[in-house]
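Notes follow the structure.
The values are calculated or read from the model by the stated rules, or taken from the named source; none is laboratory data. Just so you know, these numbers come straight off a predicted model, no measurement behind them. Cβ sites come from the backbone with ideal geometry, for glycine too, and all protein chains shown count toward neighbours. For the accessible areas, the whole protein counts, side chains as well, though only heavy atoms, and no ligand, DNA or RNA atoms are used. Shrake-Rupley method; radii C 1.70, N 1.55, O 1.52, S 1.80 Å.
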Amino acid sequence: MSFNFNDLNLSGVEISSAPAMLKPGRYVVQITSSHLKQTRNGGTAVELAMTDVKGMGSLRAWINVHVPSSTTATRIGREQLKALLTHGGHPSPDNPKDIGSIAGLKVGASVGTDKYTNDNGEERIGSKLKGFFDPSDID
């Protein structure tokens, strides 16, 4: 059976909106998904999707866990991952085993400003994960 876009009827479909991107600040977030992703330089990163527990917005982040060309970048990424696991209450932060075990953790997340250039060459301002902390540090 083939699909014909000309025959598509969306008259009974509800509109779905993505949650807003988290603005710079400190939040308690829940990790909604986690998986490994191969990077352009042949490394490996943990890709995370997270949502503020108060419904303020969401954020995606990538934590490098293996950067073949940089032991420093690998170390920094692993320190970030260990902070997420520790502050998020993972049962085994030194040896997490299953990448899926990160999903569901609640952790404090520090979000900062990120300036970038889009595909059209325009400078944009977005949000970027800066680090993790104990969620009890937020009132």
### Query
Counting just the residues of region 102-126 that are touching a residue at least 12 places away in the same chain (Cβ under 8 Å) and open to solvent by 30 Å² or more (accessible area, probe 1.4 Å), which one comes out farthest from His90 (Cα to Cα)?
Ile125
### Task
Considering only region 1-38, state which residues are in a loop (DSSP other than H, G, I, E, B) and open to solvent by less than 50 Å² (accessible area, probe 1.4 Å).
Leu22
### Query
Since Lys128 meets every condition but one in (1) modelled with pLDDT under 95; (2) touching a His at 6+ places or on another chain (Cβ under 8 Å); (3) not hydrophobic (A, V, I, L, M, F, W, C), which condition does it not meet?
(2)
### Task
Mind listing whichever residues of region 119-137 are of a type in the set (S, T, N, Q) and part of a strand (DSSP E or B)?
Ser127
### Task
Look at Thr44 and say whether it is open to solvent by less than 90 Å² (accessible area, probe 1.4 Å) and within 11 Å of the chain's Cα centre (by Cα).
no
